[in-house]
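Report on one structure; see the data block that follows.
The values are calculated or read from the model by the stated rules, or taken from the named source; none is laboratory data. What you are looking at is a predicted structure, and each value in this text was computed from that prediction instead of being measured. Here Cβ is always computed from backbone atoms with ideal geometry, including for glycine, and neighbour counts include all displayed protein chains. Each accessible area value is taken on the protein alone, full model and side chains, heavy atoms only, with ligands, DNA and RNA left out. Shrake-Rupley method; radii C 1.70, N 1.55, O 1.52, S 1.80 Å.
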Amino acid sequence: MILRGTSSLTDPLEMRPDGQLRELVNDACARIHAEFVRRAPFLGEQVRSWMANLSPTGKAPEYFLRPHSFPLLNLPWWAAKSFADEPDCEFLADVVYSTINGYYYIRLLDNLMDGHDTVELNILPATAFFHTEFQAVYQRYFDATHPFWEVFRTAWFSASEAVTRELKLDHIRQEDFERVTVAKLAGAKIPVAAVGFHYGAGERLRCWEEFTLALSRWSQMEDDLFDWHNDLRHGKTSYFLTEASRHKGFESVEAWVICEGFQRGMEALRKDLSVLRRLAPSLHSLDVVRYLDSREAILERLTVRIGGAFDVLKEVARITEPKAQACDWIEFSKSEGS
Amino acid sequence: MTLKQLIDKVMSDYEWYQQLKKDPAELSKLHGLNLNERQIDALRKINYESIDHLAEAFREEFT
């Protein structure tokens with residue numbers, strides 16, 4: 001239900017996280033462990049293994065630095081660099097620490113709600129730690145009446161509302177995708193808003209918030225497209241799978257994806273990437289431009305690679321079941337519908 | 001095989017996919033596919049390289 005970005009494909013065009021951000025992420029994970037050791041060592045030991053197991057490399061910080069992931073930590077970092085020549089490293093270390101705690105809070109609950117849990121039920125009390133650390137950091141910077149807290153409440157509560165609503169949906173139509181699926185990611189606005197208020201960014205903060213929302217939407221579409229088979233196997237619904245059910249005619253979802261759906265999904269991603277590009281200039285961030293270039297290059301490479309693989313699958317199907325020509329039903333359904 | 005059966009196998013059955021690449025005749029025997037010589041020859045001529053990363057691209061783990 002949340003953006004996991006689990007692909008491990010490597011690409012020379014991928015943008016690597018810069019050294020300073022990497023250091024902040026390493027420090028934040030170490031700080032979480034240190035706080036647990038000091039305050040709740042028994043629980044902390046179990047949380048430490050859980051955090052490590054989430055990461056494909058077994059190293060918790062690496063989980064947040066993968067180039068295919070939604071740039072949850074990069075966004076406030078890039079925003080800070082666009083607002084000031086010399087970013088306030090102590091503040092940004094706190095923002096990264098808060099955001100990682102917020103992520104783990106959501107991830108723990110999300111794994112339980114999705115049924116992907118392993119040890120999550122045993123460490124559920126760790127949500128108290130993660131939530132407190134996520135929120136408490138900002139109390140150092142914004143007093144109780146500061147407008148930051150209205151952004152915080154609005155984003156945080158609307159994300160919780162959306163997660164609960166999505167659980168009840170059997171299908172996700174476009175309006176549900178916009179109103180519910182994208183709203184689940186509203187929490188990503190919180191660290192960006194914190195940075196904007198801290199640097200007095202004024203109107204420019206609105207541009208960053210708008211971009212964050214648009215990028216969340218794009219990343220969720222990408223997640224739906226690349227998770228389609230996993231979602232299908234686990235009986236999960238998504239906007240992409242709802243569209244597949246609507247368009248597949250008499251064929252299977254799998255056949256629709258191979259013959260038509262994947263290309264449609266990639267075209268939608270390409271189109272929405274151009275929306276992100278239109279928003280980028282107002283941010284004055286070379287990092288964002290580089291990020292979008294990198295995403296576009298990855299998308300093009302995957303279009304070619306996966307398109308080629310699907311052609312081979314169609315050929316194997318044609319050989320092994322010559323009577324049922326691979327995409328005939330899809331073509332037939334389309335011609336009947338037109 | 002249908003596209004549905006094929007993609008399920010390619011995405012989640014590593015052994016099956018390796019057998020398809022290596023020896024479609026053996027695969028046909030082991031899995032009762034009843035492929036004839038012409039079909040087996042055609043499968044042997046296919047370059048499967050592009051499928052190798054499909055499961056990874058779609059975030060599946062071979063099981």
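Here are some notes:
- Stretchable slack from residue A:114 to residue A:270, in nm (0.36 nm times residue separation minus alpha-carbon distance): 53.3 nm
- Model label zone, residue A:210; criterion: amide N under 14 Å from point 7 Å along Cα-to-beta-carbon; scope region A:265-281: A:275-281
- In this simple spin-label model, placing a label point 7 Å from the Cα along the Cα-to-Cβ direction at both residue B:44 and residue A:299 gives a separation of 4.3 nm.
- Chain A: calculated mean residue ellipticity at 222 nm from DSSP helix runs of at least 4, using -39500 (n - 2.57): -22000 deg cm²/dmol
- For region A:171-271, the equivalent ellipsoid built from the Cα gyration tensor has semi-axes of 34, 12, 10 Å, listed from largest to smallest.
- Largest accessible area first, the residues B:12, A:98 order themselves as B:12, A:98 under a 1.4 Å probe with ligands, DNA and RNA left out.
- Global form of region A:123-183, assessed from the alpha-carbon gyration tensor, a/c cut-off 1.5: oblate
- Most to least accessible of A:140, A:22 (protein chains only, probe 1.4 Å): A:140, A:22
- For a modelled paramagnetic label at residue A:20, 7 Å from Cα along Cα-to-Cβ, the residues of region A:266-299 in reach, with backbone nitrogen under 20 Å, are A:283-292.
- Based on the Stokes-Einstein relation at 20 °C and a viscosity of 1.002 mPa s, and on the Kirkwood radius from alpha carbon pairs, chain A is assigned a translational diffusion coefficient of 100 µm²/s.
- The residues of chain B present an accessible area of 55 Å² per residue when probed at 1.4 Å with all protein chains retained.
- Theoretical gain in end-to-end length, residue A:55 to residue A:27 [0.36 nm per residue, Cα-Cα removed]: 8.4 nm
- Once the chain from residue A:168 to residue A:282 is taken as fully extended at 0.36 nm per residue, the excess over their C-alpha distance is 37.3 nm.
- Peptide packing for A:144-151, A:221-228 was compared via the average number of neighbouring C-beta atoms within 10 Å per residue; ordered from the highest value, the list is A:221-228, A:144-151.
- Considering only A:63, A:200, B:28, the residue lying farthest towards the positive end of the dipole of the protein assembly as shown is B:28, judged by Cα position with unit charges set on Cβ.
- Two-site FRET efficiency, residue B:52 against residue A:37, from Cβ-Cβ distance with R₀ of 41 Å, rounded to 0.05: 0.40
- Dipole magnitude (debye, nearest 20) for the protein assembly as shown, charges at Cβ of Lys, Arg, Asp, Glu: 160
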